[in-house]
Amino acid sequence: MPLFYSSLKESDKNFTDEELVKKTLENQEFFVSLMKRYEQKLFHYILKISSFSKEEAEDLLQEIFLKVYQNLNDFDVSLKFSSWIYRITHNEVISQYRKRKRRPEGNIKELEDFVWDNLASSLDISKEISRQEQQKTIRRVLRRMDKKYREVLVLKFLEEKDYKEISDILQKPLGTVATLLNRAKKEFKKLSQQAFFEL
Amino acid sequence: MTHQNISERVFNTIKERGITPKPKWQFLLKNSLLWVVAIGTIFLGAISFAILVFLFQNNDWDFYQYIHQHLISFLVFSLPFLWMGLFLMFIFLAQYQMKRTKHGYRYSLKYLFGIVLFFTMFLGIIFYQIGFGQAIDEKLASSFTLYKEILSNREMRWSQPLEGLLSGTVLSVQTNRFELKDFQGKTWTITITPQTHIFPFFHIETTDRLRLIGKQINVNTFEAQRIGPWILRKPQLFKKFLFEKKSE
């Protein structure tokens, strides 16, 4: 890795995503810093909304970053950069599934405890079962859910995006996002009650 | 390969292949084209609406009972379904195009439909007021036989003297009679009786185009029972300058 890249890394932390985009368009070295910020998040996001293996997810992530780089001049400054890159990631996952003619089922593995707690609380999972059983229930239910409900739940509770960000990522009106989330929660509650009895 | 190496791998690929960001003008062009198509579709929808309004207004509602026995059959045979279909098609197309613009996703389909409908009808009313609707309808009728005979068959409908329906252009006016040239080029003498009902506030003048309900007396004479203008409004500015034929 060139020296210039190493010296960039520390100072890059002070730049916002949007500033890094501008700098990348002047000097491509800055793109590495941008990728570093998002590679872990997007890697796990791909796993959460798809049933790709880790290797497939990595390959896809590379394609996504290349696409992001080529389309940097199309970045809409009225959006957050994170919303834009998540949008590209989401669309590429769907596109891959269309090519393979499969349904994305989601594959949530390890998450921090506080994320599970947040999810369980928000989706009204019974507090009387153990955390391990909660996680099992959530994983099972999310896999069974309709894609359109699963993707909003993942973005809201696992990626902690707000309504505007979800709207920008999924390219749906705010009202539709609110309706989808509402229905998703109801659907989740219904399925989780069924799943609880299967435990 | 761990995902921590992805950034370096991608960067090396960018360097090796000489990949560069696509130029901004490509995205500007693509986004502009979307808007051009959307606005163009609204424009076409507005023209359809102008023609619709014109045809609706001159659909012989005042004389329908003399043309058809039932309102339903009259509606089925006289309504401009082609233009209604085209109008709706352009509305939905424009809405689809607007949804695909950069920020179109932020608006619900209902909202976009409402916006498109509003602007199409607003522009359509303007086109209608300046005579665009009438001009295009008549231009299509004079240029395409299919349009005239099947889709805009009003002239044919009003060219059945044996059935008591006649139409044409006034050549000269005398007391209680006038000369009329029908749309097939034949000259008629139209007689007016005290029972003849003339459209309110309408004065028969040379070059007026008329519709008549009455009775054919002989080969060249027609006794009018009801007389009305061919178009409920006089030709508008646009038609006057673009489509008015030179006098022979």
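The values are calculated or read from the model by the stated rules, or taken from the named source; none is laboratory data. Remember, predicted model here, so these are calculated numbers, not experimental data. Heads up, the Cβs are rebuilt from the backbone with ideal geometry, glycines too, and the neighbour counts pull from every protein chain shown.
Can you tell which of B:213, B:198 is closer than 19 Å to residue B:67 by Cβ, touching a helix residue (DSSP H, G or I) at 6+ places or on another chain (Cβ under 6 Å) and either buried (at least 18 other Cβ atoms within 10 Å of the Cβ) or of a type in the set (A, V, I, L, M) (or both)?
Every option except B:213 fails the conditions.
Within region A:152-166, which residues are within 17 Å of residue A:80 (Cβ to Cβ) and hydrophobic (A, V, I, L, M, F, W, C)? Even if it seems obvious, please write down each step before you answer.
Of the residues in region A:152-166, the ones within 17 Å of residue A:80 (Cβ to Cβ) are A:155-156, A:159-166.
Scanning region A:152-166 gives A:155, A:166.
Return the only residue of B:138, B:205 being under 27 Å from residue B:55 (Cα atoms), loosely packed, with under 12 Cβ neighbours inside 10 Å and acidic (Asp, Glu).
Details: B:138 fails: loosely packed, with under 12 Cβ neighbours inside 10 Å.
Just one listed residue meets the conditions, B:205.
Please specify each residue of region B:56-110 satisfying the condition of being away from chain A (no Cβ under 14 Å) and outside any helix (DSSP H, G or I).
Answer for region B:56-110, where residues must be away from chain A (no Cβ under 14 Å) and outside any helix (DSSP H, G or I): B:58, B:59, B:60, B:68, B:69, B:70, B:79, B:80.
Look through region B:14-49, keep the residues that are away from every other protein chain (no Cβ under 13 Å) and aromatic (Phe, Trp, Tyr), and return whichever of them is nearest to the chain's Cα centre (by Cα).
Only one residue tops the list, namely B:49.
If you go through region A:70-87 one residue at a time, how many are surrounded by fewer than 20 Cβ atoms within 10 Å (Cβ to Cβ) and within 22 Å of residue A:51 (Cβ to Cβ)?
Number of matching residues: 1.
Pull out all pairs, ordered by first then second residue, where Cβ-Cβ is under 7 Å, the residues are six or more apart or on different chains, the first lies in region A:132-149 and is free of Cβ contacts under 8 Å to residues at least 40 places away in the same chain, and the second is surrounded by 16 or more Cβ atoms within 10 Å (Cβ to Cβ) and aromatic (Phe, Trp, Tyr).
A:134/A:116; A:135/A:116
Just give me the residues in region A:166-199 being closer than 18 Å to residue A:93 by Cα and either among the charged types (D, E, K, R) or out of contact with any Asp or Glu (no Cβ under 7 Å at 6 or more places or on another chain) (or both), in sequence order.
Within region A:166-199, A:166, A:167, A:168, A:169, A:171, A:172 qualify.
Looking only at region B:170-178, decide whether some residue is touching a residue at least 24 places away in the same chain (Cβ under 8 Å) and touching a Gly at 6+ places or on another chain (Cβ under 6 Å).
Within region B:170-178 (the criterion being touching a residue at least 24 places away in the same chain (Cβ under 8 Å) and touching a Gly at 6+ places or on another chain (Cβ under 6 Å)), the answer is no, since none of the residues qualifies.
Find the helices (runs of 4 or more DSSP H) located wholly in region A:29-136 whose residues include 3 or more that are away from every other protein chain (no Cβ under 14 Å) and modelled with pLDDT of 75 or more, and list them.
So the answer is A:81-100.
Residue B:166: at pLDDT 90 or above, exposed (fewer than 15 other Cβ atoms within 10 Å of the Cβ) and more than 18 Å from residue B:48 (Cβ to Cβ), yes or no?
Against the criterion (at pLDDT 90 or above, exposed (fewer than 15 other Cβ atoms within 10 Å of the Cβ) and more than 18 Å from residue B:48 (Cβ to Cβ)), residue B:166 does not qualify.
Quick test of your reading of the structure: residue A:10 fulfils all but one of (1) modelled with pLDDT of 95 or more; (2) more than 10 Å from chain B (Cβ to nearest Cβ). Name the failing condition by number.
Among (1) modelled with pLDDT of 95 or more; (2) more than 10 Å from chain B (Cβ to nearest Cβ), the lone unmet condition for residue A:10 is (1).
So which residues in region A:137-175 are within 14 Å of chain B (Cβ to nearest Cβ) and not hydrophobic (A, V, I, L, M, F, W, C)?
Of everything in region A:137-175, those that are within 14 Å of chain B (Cβ to nearest Cβ) and not hydrophobic (A, V, I, L, M, F, W, C) turn out to be A:163, A:164, A:165, A:167, A:168, A:171, A:172, A:173, A:175.
Note down all Cβ pairs under 6 Å where the first residue falls in region B:21-34 and is surrounded by 12 or more Cβ atoms within 10 Å (Cβ to Cβ), the second is part of a loop (DSSP other than H, G, I, E, B), and they're at least six residues apart or on different chains.
B:31/B:102; B:34/B:100; B:34/B:101
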